Amino acid sequence: MPARSKITLLPPEIKAKLDRLLIDRGFAGYDKIVGEINNVLDAEGYEIRLSRAGTHRYGQGFEERIAAIRIATEQARAITEAAGDDAGATGDALIRLVQEKAFQVLVKMADLDPEDVDFNKLTVAIAKLNNASVQQKKWQAEIKTKTVAAADSAVKVAKQGGLSDEKAEEIRKRILGIV
């Protein structure tokens, strides 16, 4: 089993600084980044020191995660623009996108050290995702029920007003989005 990355041992504020430096410098200039972080660690009295190789390994993985988030964001934006707000189609598409990304993470977890995975957070995230999916489906069913009721009511009023059955049915289909 490989040694645990020293980056996982960094205090949160120093790790956040490392992450910012990596992003701000375009995941380049690792020698300077390592030097700056090691200076901060030294100034704050920590004995841990980062290596260029270890920081580069971390940076590669971090850069891949950022790229994946950017792609997911672009996909979500494209889905939103394409779907409009058609009875929750946007929400449903976004939930499916998140489910797909979560599945990709689960597949990649086979390569991770079990100590690096917070299974409680993962379980909670999956439960929340499933709950969001169920709520989305309930909402869509409610919208469909209300739309059918509105269409039926419109047909009834149209027939009472003297409209032919054929024209009333055409109105119903238009309300339901069938035509």
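Where a number appears in this text, it was derived from the coordinates with a stated rule and is not lab data. Quick caveat, the model's predicted, so the values are computed rather than measured. Note that we place each Cβ from the backbone using ideal geometry, even for glycine, and neighbour counts take in every protein chain shown.
Summing Lys and Arg as +1 and Asp and Glu as -1 over all other residues whose Cβ lies under 15 Å from the Cβ of Val148 gives a net charge of +3. Placing unit charges on the Cβ atoms only, positive for Lys and Arg and negative for Asp and Glu, gives the chain a dipole magnitude near 420 debye about its Cα centre. Distance from the Cα centroid of region 123-177 to that of region 1-63 is 55 Å (rounded to whole angstrom). If only the Cβ of Lys and Arg carry +1 and only the Cβ of Asp and Glu carry -1, the dipole of region 1-83 around its Cα centre is close to 200 debye. Enumerate the lysines that Lys173 could reach by cross-link, defined here as Cα to Cα under 19 Å, with residues fewer than 8 away along the same chain left out. Cα-Cα hits under 19 Å: Lys144, Lys146, Lys156, Lys159.
Modelled spin labels at Glu170 and Lys108, positioned 7 Å past Cα toward Cβ, are 5.5 nm from each other. Taking a Cβ cut-off of under 13 Å around Ile48, the surrounding Lys, Arg, Asp and Glu residues balance to a net charge of +1, with basic ones at +1 and acidic ones at -1. Of the residues Thr147, Pro11, Val134, the one whose Cα sits farthest towards the positive end of the charge dipole of the chain is Thr147 (charges of +1 on Lys and Arg Cβ, -1 on Asp and Glu Cβ, taken about the Cα centre).
Taking a sphere under 13 Å around the Cβ of Ala125 and counting the other residues whose Cβ falls inside, with K and R at +1 and D and E at -1, yields a net charge of +2.
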